[in-house]
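Readers should treat all values here as calculations from the given coordinates under stated rules, not as data from a laboratory. Because the structure is a prediction, the values reported are computed rather than measured. Here the Cβ positions follow ideal geometry from the backbone for every residue, glycine too, while neighbour counts run over all protein chains shown.
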Amino acid sequence: MINIKDIEAQAAFWDAKAKPCSAYERRSEYADEFLRRSGLQPGETVFDMGCGSGTLCLPLADDGHKVFCADLSEKMLQSVRDVIEEEGISLLSLKKLSWQEDWDQYDLPVCDLAFASRSMFGVDPANCAAKLSGRAKRRVCISLPVNSDKFTDPGSPYDLSGRNLNAFAKQCIDAVRKLGFTPVLEYMDHGMKDGIPTWAFIRWDV
């Protein structure tokens, strides 16, 4: 059963962090590296789960990709919606959606690729891997924090304070393997500190 209070707490947590898209780089080094590692081809469509304030979906739209953007934070979505309306962007569609919900109750698209960029916090890796795999025709790409205490501060509604982030990344990899897919693990140059990576990039073909 879905714990609505947990979803509401998580939404409030991210609503409080929401900023206008103009507060961020339109095309960040992180986004460029994520998209390069994804192997995205011209004209392919993307399911962007946890789109936030448009880190990936806005550069994708700039490059001519159609993107289904989902996030549990209405304020994050509104920041993207404001850009859509201001610039007349027609390639992005938005939906408020959480990991915990039953996605089958919605008419969600199946896209060429499914992304979860820095959005899998305090979730069941098996559930997320299965849901993302069901939204992709060709490939799934995710990024997860590793070797960092940035996301383990006590008090977060995502309950990462007791988690070993590297172990969680391994759990995600194991979950993908159990689905019958072959995950490929890479470490991103973005966020590298003294040669130690802080972001894992995992992809698998479906």
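To the nearest 0.05, how large is the calculated FRET efficiency for ALA167 and LYS17 if R₀ is 22 Å and r is the Cβ-Cβ distance?
My answer for the efficiency is 0.30.
Below 15 angstrom from the Cβ of GLU44, what's the summed charge of the other residues (Lys, Arg +1; Asp, Glu -1)?
It works out to a net charge of +3.
Below 8 Å between Cα atoms, with a sequence gap of 6+, how large is the relative contact order for the chain in percent?
About 19 percent, as a whole number.
Separation between the GLU87 and ASP6 pseudo-spin-labels, each 7 Å from Cα along Cα→Cβ, expressed in nm?
Calculated label separation equals 3.6 nm.
Take a quick pass over the chain and tell me how many lysine pairs come in under 14 angstrom between Cα atoms, counting only ones 8 or more apart or on separate chains.
So the count of such lysine pairs works out to 7.
Kirkwood hydrodynamic radius, the chain, all distinct C-alpha pairs: what's the number in Å?
Result for the chain stands at 17.2 Å.
Let's see if you can work this out: charge +1 on each Lys and Arg Cβ, -1 on each Asp and Glu Cβ, no other charges. What is the dipole magnitude of the stretch 4-205 about its Cα centre, in debye to the nearest 20?
The calculation lands at about 480 debye.
What is the Rg over Rh value, at two decimals, for the stretch 10-99, using alpha-carbon atoms and the Kirkwood definition of Rh?
Result: Rg/Rh = 0.94.
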